[in-house]
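S.K.: Okay, here's the structure, questions in a sec.
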Amino acid sequence: MRPFASLLPDGRLMSQTIRTAGLLAAAIWIVAGSHVVAQPAAGANALQIDLPAAIRLADERNLDVAIFLARIEAADAKLREARLAAVPSVRVGTTEDRHDGTIQETSGNVIDADRASRFRGVTAGATIDVADAIFRPLAARQSRVAAAAASTANRHQVLVQVAAGYIRLVQARAELDVVARVLERARDLAALTADYAESGEGLLADAEMAAVQPALWEQRAAMAAERAAGADAELVRLLHLDADVELDPIDAVPPTIDIFAGTEPVTELVVRAQDGRPETEQADALLAAAEADITAERYGWFVPSVSLSVNAGEFGGGPGASIGNMDDRRDRSISLYWQFDGLGFGQRARLDEKRAQLRELALQREKLRDAIAAEVRESHARVVGLKRQVDLVDMAVGRAQRAYELNRTRIFDQQGLPLEALQAMQTLANAELSALEVRAALSVAQLRLHTALGNPVAGVL
């Protein structure tokens, strides 16, 4: 027999009165005497943002994207420079020569001479390696293609990083909301259990155990707030925003992204990725550039170099320091020659070196294809696994919610003690947090598989 139930003829009424008083005390304690879960406040520099806006900002402001675009500009400049390899250089100015002392005449006699001369005009000259002029632009063009492909690959990775960062930020904010609800339940349960212990209907040990739960969930709330702040800082860094900007995501829960059903043939996805990834295009371009270098080295033996020189201007001179008799002067010279470095062994060594570099690039390309295949298979498996987990966690949340409600009903129907709802409360909290984590992870996995196939995130938002 419960002690307080025996004080009145209607023991059920007395027990219900005690429970009602306990609930009122719990409400007062929650409002007046407890800590509130800290929610990130929107400051003066708060910036509302959603996933498409984050992607657009990444395209416009991310530093890695800008760095790789600068590399494309450098490759463009190198290509223009290579196309000008056969264009002569021009010098405009004046040249003055002054001689005082002995000099040898063309006849062989050595005489003492004092003279000066001056040339004013234009000099154009070029030494052209014809093979280099032919093949160097081909290699530079492929290098430019490789730079553009590398920039595209980097952009894809940046966009998926930004998308994942946004989803993590939303997940952390949503976790704060879940923890706030759990904390409210824990405080309610702690107050009710304390009331039961005070009335003698429950144990003091149960009250102490229940009182621990609000403290633990307040700790969890602090951890969630820390994760939210960290996710905010990381996304601000990726978007290259001012350090005092606070991002305020529009989504209350992680956005659902459903691109793949999980039933796609993995082998077809692997082939599609290996053929469509910008990294593959980059590897192909680097191979083509190396092959152009080898061709230039191989046929450079047989193609002569050309040396051209043209002078046009005024020339004059005289004895001593006087210069006179200035008149027009034109000089032209041209020479063809074949150069054999180290008697030809130098060219052969360079050719062997470039062939080895070509083999390395070919092996790197095969390594890349293996890495792409592994990435696609792993990403696809993660999508499949997380899709299964979504169904499981949804079922778990539903059943845990029902179990918690049944336990609360039993308490108010005098069929159990408040502590009996503790396990149900913890199970519901874990199920809700697991559901949040799994749904966020599935959206990120969908985007990573989409990117692994060579597609930008922006194309599906």
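S.K.: How much length, in nm to one decimal, is gained on full extension between Val212 and Gln104, taken as 0.36 nm per residue of separation minus their Cα-Cα distance?
M.R.: Numbers: separation 108, 0.36 × 108 = 38.88 nm, distance 10.84 nm.
Gain in length upon complete extension: 28.0 nm.
S.K.: On to the next question. For segment 282-355, what is the relative contact order in percent, using Cα pairs closer than 8 Å and at least 6 residues apart in sequence?
M.R.: On the way: 75 pairs, mean separation 24.8, N = 74.
Relative contact order for segment 282-355 comes out at 34 percent.
S.K.: Please compute the modelled spin-label separation between Arg359 and Val303, points set 7 Å along Cα→Cβ, answer in nm with one decimal.
M.R.: Taking the two extended label points, one gets 2.6 nm.
S.K.: Something else now. How far is helix 266-276 tilted off the main Cα axis of the chain, in degrees rounded to 10, range 0 to 90?
M.R.: Once rounded, one gets 40 degrees.
S.K.: A further question follows. Quickly rank 203-213, 444-454 as a protection proxy: mean count of other C-beta atoms within 10 Å, highest first.
M.R.: 444-454, 203-213
S.K.: Next question. What does the highest-first list of 104-110, 316-322, 133-139 look like by mean Cβ count within 10 Å? Kindly include the intermediate steps, with their values, before the conclusion.
M.R.: Details: 104-110: 7.6, 316-322: 12.6, 133-139: 20.1.
Most protected by this proxy first, the peptides run 133-139, 316-322, 104-110.
S.K.: Counting C-alpha atoms alone, how compact is segment 307-438: give Rg to one decimal and Dmax as a whole number, in angstrom.
M.R.: Using the Cα atoms of segment 307-438, the pair Rg, Dmax is 43.2, 129 Å.
S.K.: For the pair Val390/His240, report the inter-label distance in nm, with labels modelled 7 Å from Cα in the Cβ direction.
M.R.: Simple spin-label model gives 3.4 nm for this pair.
S.K.: In degrees from 0 to 90, rounded to the nearest 10, what is the angle of the helix 63-83 Cα long axis to the longest principal axis of the chain?
M.R.: Here the helix axis deviates by roughly 20 degrees.
S.K.: Please express the Cα-Cα pair-distance distribution P(r) of segment 153-274 as a list of whole percents, one per 5 Å bin, running from 0 to the bin with the greatest distance.
M.R.: 2, 10, 13, 13, 12, 10, 10, 9, 7, 6, 4, 3, 2, 1, 0
S.K.: Return a whole-number percent for the relative contact order of the chain, with Cα pairs under 8 Å and 6 or more residues apart as the contact set.
M.R.: Details: 685 pairs, mean separation 110.9, N = 461.
Here the relative contact order equals 24 percent.
S.K.: Here's something else I'd like to know. Which order do Thr123, Thr256 fall in if you start with the one that has the fewest other Cβ atoms within 10 Å?
M.R.: Neighbour counts put them in this order, fewest first: Thr256, Thr123.
S.K.: Do any chymotrypsin sites (Phe, Trp or Tyr not before Pro) in segment 322-424 lie in a loop, going by DSSP, with at most 14 other beta-carbon atoms within 10 Å of their beta carbon, and if so which? Could you put the intermediate results ahead of the total?
M.R.: Numbers: sites: Tyr337, Trp338, Phe340, Phe345, Tyr404, Phe412; in loops: Trp338, Phe340.
Taking segment 322-424 and a limit of 14 other Cβ atoms within 10 Å, the loop chymotrypsin sites (Phe, Trp or Tyr not before Pro) found are Trp338, Phe340.
S.K.: Here is a further query. Going by alpha carbons, how many degrees (0 to 90, nearest 10) lie between the helix axis of 204-238 and the longest principal axis of the chain?
M.R.: 20 degrees
S.K.: Here's a follow-up. So which lysines pass the test for Lys354, namely a Cα distance under 29 Å, with those fewer than 8 places away in the same chain ruled out?
M.R.: Lys78, Lys367
S.K.: A further question follows. Where does segment 231-360 land on Rg(C-alpha)/(2.2 N^0.38 Å)?
M.R.: For segment 231-360, the normalised Cα radius of gyration comes out at 2.30.
S.K.: Out of (1) 30.1; (2) 27.4; (3) 23.7, which label holds the value of Kirkwood radius over Cα pairs in Å that was computed here?
M.R.: (1)
S.K.: Continuing with the same structure: Whole angstrom only: what separates the Cα centroid of segment 199-257 from the Cα centroid of segment 55-122?
M.R.: Result: 64 Å between the Cα centres.
S.K.: Counting alpha carbon pairs within less than 8 Å and at least 6 residues apart, what relative contact order, in whole percent, applies to segment 344-441? Let's see the in-between values first.
M.R.: Values: 38 pairs, mean separation 29.7, N = 98.
It rounds to 30 percent for segment 344-441.
A short reminder: the numbers here are calculations on the coordinates, not readings from a lab. Just so we're clear, the structure is a prediction, and the values are computed from it rather than from any experiment. A quick note on method: Cβ atoms are made from the backbone with ideal geometry, for glycine too, and the neighbour counts reach across all protein chains shown.
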